[in-house]
1. What residue, of F213, F248, is among the aromatic types (F, W, Y) and either touching a strand residue (DSSP E or B) at 6+ places or on another chain (Cβ under 7 Å) or under 30 Å from S97 (Cβ atoms) (or both)?
2. With (1) outside any helix (DSSP H, G or I); (2) farther than 26 Å from L408 by Cβ as the list, and I23 as the residue in question, which single condition is left unmet?
3. Evaluate the range 83-96: report whether one residue or more is free of Cβ contacts under 8 Å to residues at least 60 places away in the same chain, touching an Asp or Glu at 6+ places or on another chain (Cβ under 6 Å) and more than 15 Å from L152 (Cα to Cα).
4. State the number of residues belonging to the range 371-393 that are assigned to a helix (DSSP H, G or I) and closer than 15 Å to F314 by Cβ.
5. Open to solvent by 80 Å² or more (accessible area, probe 1.4 Å) and within 25 Å of L159 (Cβ to Cβ), is that true of N221?
6. For the range 92-104, give me the residue count where each residue is part of a loop (DSSP other than H, G, I, E, B) and open to solvent by less than 60 Å² (accessible area, probe 1.4 Å).
7. Among the residues of the range 358-383, count how many are buried (at least 24 other Cβ atoms within 10 Å of the Cβ) and more than 19 Å from F170 (Cβ to Cβ).
8. In the range 77-91, which residue that is open to solvent by 50 Å² or more (accessible area, probe 1.4 Å) and of a type in the set (V, I, T) is farthest from the chain's Cα centre (by Cα)?
Amino acid sequence: MKKIYLFDWLTFSIYLLLSIFGILNIYSSTFSESEDFFNFSSPAYRQFLFMILSIFIGILIININYNFFQQFSSLIYIISIILLLGLFIFGETIRASTSWYNFFGINFQPTDFAKLATSLAVAKFMSKIEVNIKKNKHLLQLIILISIPSILIILQNDLGSSIVFTSFFFVFFREGLSYIYFIAILLILSLSVLTLVLPTTLLFLLILFVILFLYSLSRKNNKKTKLLPYILSLSACLIYISSVNYVFNNIFEQRHRDRINIFLGKEFDSKGIGYNLNQSIIAIGSGGANGKGFLKGTQTKGDFVPEQHTDYIFSTIGEEWGFWGCFILIVLYTILILRIIFRSENQKNKFCRIFSYSISSILTIHFMINIGMSLGLFPTIGIPLPLISYGGSSFIAFSCMLFVYLNLDINRLN
């Protein structure tokens, strides 16, 4: 009775609403008059089966003792790393990424479960009594913890999924990491963008001007200011600029370079690599305020948007449900994420709190990047919209994250 009373029914209700809404839009984006819904070849029907399976798994998770997740988090993390390593030998390449296992015709992507496993591992490490996020040693250990799966995923040519692991830095800041690091990350990102947008010579002159200005300002206030730190800063910037250019030109594939260039406005290609984005924007814009109606989207029915039931499913929502449909979807995600964060504040158990922060951060970065990607605000990097985009591995993984949270949340006052 206590579990029923303390169960977070609002989160579960939003989970069901998003899941059902996702199935409706997958059905619409793959609709064929010659194909029945209850056909295993139908993506919407398979997603429905994934939802049923996920709820069954969720019931099992809810009834597990909440200490289980902390006790076995290290083992779960190790298993996830082994699965990622196994892709280099047994993995199947789909859409240029070797991120899948194929078992008797059923594809399984361990990347999605690595996010759950890393959330558990980070929560366990940070919940140790002696761990202090403000200590450089502990911060380095945490960075290594999240870097191992991220690097393995990058090596499998799945850059988009690896970016999701940066969401753990929000957890670190929430747990007391100095905002100096946050400012440093923003500066690094800004320098990266400027490196790709501006000519190297012009960027060097701008950095030189800024450093000389800061030096003269500091010198004005303190005559003993040394020049060496500013010279080292200038050298570090030059080394970083060279590194960004090298990675962009020699490590990134051409498709990644094209997508980033289109996003930065350096190229425009509405028929080639930018076709998906262009058609997505047309579909969303054509929906207007109220949308064209379920199964009535002309862009969707004409199959103009590739990958529309997966990465670009938001374009279906925009076209058929309009501005208000998109608005309600965004409100539901916002309520879900804020609900998890606010409930986490009442967690007496540090492990439970940090895990809850972790999944809220993962949900946020997926939600923001996927929608931003469909609107042209982010480069196309292949990140699904949680519980909405088609994909069994993704759906089950996100479901497990939420059900583990629900289990831990029931015991938040213990």
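The values are calculated or read from the model by the stated rules, or taken from the named source; none is laboratory data. If you're wondering where the values come from, they're calculated on a predicted model, not measured in any experiment. Methodologically, a virtual Cβ is constructed for each residue, glycine included, from the backbone with ideal geometry; neighbour enumeration extends over all protein chains shown. We work out accessible area using only protein heavy atoms, side chains counted, and drop any ligands, DNA or RNA first. Shrake-Rupley method; radii C 1.70, N 1.55, O 1.52, S 1.80 Å.
1. Values: F213 fails: either touching a strand residue (DSSP E or B) at 6+ places or on another chain (Cβ under 7 Å) or under 30 Å from S97 (Cβ atoms) (or both).
It is F248.
2. Unmet for I23, out of (1) outside any helix (DSSP H, G or I); (2) farther than 26 Å from L408 by Cβ: (1).
3. No, there is no match, as no residue in the range 83-96 is free of Cβ contacts under 8 Å to residues at least 60 places away in the same chain, touching an Asp or Glu at 6+ places or on another chain (Cβ under 6 Å) and more than 15 Å from L152 (Cα to Cα).
4. Here is the first cut: in the range 371-393, the ones assigned to a helix (DSSP H, G or I) are 371-375, 392-393.
Add one more test, that the residue is closer than 15 Å to F314 by Cβ, and what stays is 371-375.
Qualifying residue count for the region: 5.
5. Values: open to solvent by 80 Å² or more (accessible area, probe 1.4 Å): yes; within 25 Å of L159 (Cβ to Cβ): no.
No: the conditions fail for N221.
6. Of the residues in the range 92-104, the ones part of a loop (DSSP other than H, G, I, E, B) are 95-96, 104.
So of that shortlist, the ones also open to solvent by less than 60 Å² (accessible area, probe 1.4 Å) come out as 96.
Final tally of qualifying residues: 1.
7. Qualifying residue count for the region: 3.
8. First, the residues of the range 77-91 that are open to solvent by 50 Å² or more (accessible area, probe 1.4 Å): 78-79, 82-83, 85, 88-90.
Then drop every residue that is not of a type in the set (V, I, T), which leaves 78-79, 82, 89.
On the way: I78: 21, I79: 21, I82: 22, I89: 26 Å.
So, considering only residues that are open to solvent by 50 Å² or more (accessible area, probe 1.4 Å) and of a type in the set (V, I, T), the one farthest from the chain's Cα centre (by Cα) is I89.
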